[in-house]
1. List pairs: first in region 1-30 and under 24 Å from R46 (Cβ atoms), second of a type in the set (A, V, I, L, M, F, W, C), Cβ under 7 Å, 6+ apart or cross-chain?
2. Within region 9-23, how many residues are touching a helix residue (DSSP H, G or I) at 6+ places or on another chain (Cβ under 8 Å) and of a type in the set (D, E, K, R)?
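The values are calculated or read from the model by the stated rules, or taken from the named source; none is laboratory data. Quick caveat: nothing in here was measured; it's all calculated off a predicted structure. In this analysis, Cβ positions are derived from the backbone assuming ideal geometry, glycine residues included, and neighbour counts consider all displayed protein chains.
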Amino acid sequence: MTKKASNAVAKVLEKVASKSVKMAADSRCMYIYHQPKQPAGVKEFRNK
């Protein structure tokens, strides 16, 4: 794989990971009595 193609793949994976973290930070578990603990760094990604 060329360097340009690998950079493109890395950028796409970075965007997917970023969106996933933002969605996890802003959502709740659908079960009323269960909310798993999130890492401390996830709080930085919450929408305000």
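1. V21/V42; V21/F45; K22/F45; A24/V42; A25/V42; A25/F45
2. Residues in region 9-23 being touching a helix residue (DSSP H, G or I) at 6+ places or on another chain (Cβ under 8 Å) and of a type in the set (D, E, K, R): 1 in total.
Each row is one residue, and each column tells you yes or no for (1) in a loop (DSSP other than H, G, I, E, B); (2) modelled with pLDDT of 85 or more.
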position	(1), (2)
V9	no, yes
V12	no, yes
K15	no, yes
K19	no, yes
Y33	yes, no
K37	yes, no
G41	no, no
K48	yes, no
